[in-house]
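Written below as structure tokens is the structure these notes are about.
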Amino acid sequence: MEIGPVEYMIVAFPGNKFRGEIAPTLADLVESGTVRILDLAFVGKDADGEVVAFELSDLDPDVQDSFDSFGAKAEGLLNEDDLKAAGEELEPNSSAALLVWEDVWAAKLAQAIREADGVLLDLERVPHEVAKAAFDWAAANR
């Protein structure tokens, strides 16, 4: 089975304000064939600093429905140590979503590179703030 590049992210929601607003955008990406969700997990830290992991089924029913709509589910790639480490980084009274996905859009390119005996020397994500500053600078200096 060919698989595209796999990425993960941890998104914190200070004040435990996670209500599933990101689910419709994830659904669009899944439905367009851009990404495939490989794993999804949630972790929180209460006001006393205790870390707790929870499942999609532990969330509010509306939030569950928004993720169920595109087949998001925990596949077990993220383990207890991953959840604990993510939770320890949170501020008290915060939660986080952990997401692992395949960049389906890049699978053919990755396969072509391998078949051409290409060797990936570097791959890095440029943070939004850095990219925006670079584009702003370039626009101002034309």
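The values are calculated or read from the model by the stated rules, or taken from the named source; none is laboratory data. Please read these numbers as outputs of a predicted model, since none were measured by experiment. Ideal geometry is used to build each Cβ from the backbone, glycine not excepted, and the neighbour counts take in all protein chains shown. What goes into the accessible areas is simple: the full protein's heavy atoms, side chains included, and nothing from ligands, DNA or RNA. Shrake-Rupley method; radii C 1.70, N 1.55, O 1.52, S 1.80 Å.
When the residues of the range 60-72 are filtered to those that are over 18 Å from residue 96 (Cβ atoms) and assigned to a loop (DSSP other than H, G, I, E, B), the one that is most open to solvent (accessible area, probe 1.4 Å) is 69. Output yes when any residue across the range 130-140 is exposed (fewer than 13 other Cβ atoms within 10 Å of the Cβ), out of contact with any Ser or Thr (no Cβ under 9 Å at 6 or more places or on another chain) and part of a loop (DSSP other than H, G, I, E, B), and no when none is. Looking for residues that are exposed (fewer than 13 other Cβ atoms within 10 Å of the Cβ), out of contact with any Ser or Thr (no Cβ under 9 Å at 6 or more places or on another chain) and part of a loop (DSSP other than H, G, I, E, B), one finds none in the range 130-140, hence no. Residues in the range 1-43 that are within 15 Å of residue 103 (Cβ to Cβ), loosely packed, with under 13 Cβ neighbours inside 10 Å and among the hydroxyl-bearing types (Ser, Thr, Tyr): 32 only.
Of all residues in the range 44-59, those being exposed (fewer than 12 other Cβ atoms within 10 Å of the Cβ), aliphatic (A, V, I, L, M) and either touching a residue at least 60 places away in the same chain (Cβ under 8 Å) or not in a loop (DSSP other than H, G, I, E, B) (or both) number 0. Is there a residue being closer than 24 Å to residue 14 by Cβ and either under 19 Å from the mean Cα position of the chain (by Cα) or open to solvent by less than 50 Å² (accessible area, probe 1.4 Å) (or both) anywhere in the range 100-116? For the range 100-116, residues closer than 24 Å to residue 14 by Cβ and either under 19 Å from the mean Cα position of the chain (by Cα) or open to solvent by less than 50 Å² (accessible area, probe 1.4 Å) (or both): present. When the range 74-110 is filtered for residues that are of a type in the set (Gly, Ala, Ser), assigned to a strand (DSSP E or B) and closer than 12 Å to residue 40 by Cβ, the ones remaining, listed by number, are 96, 97.
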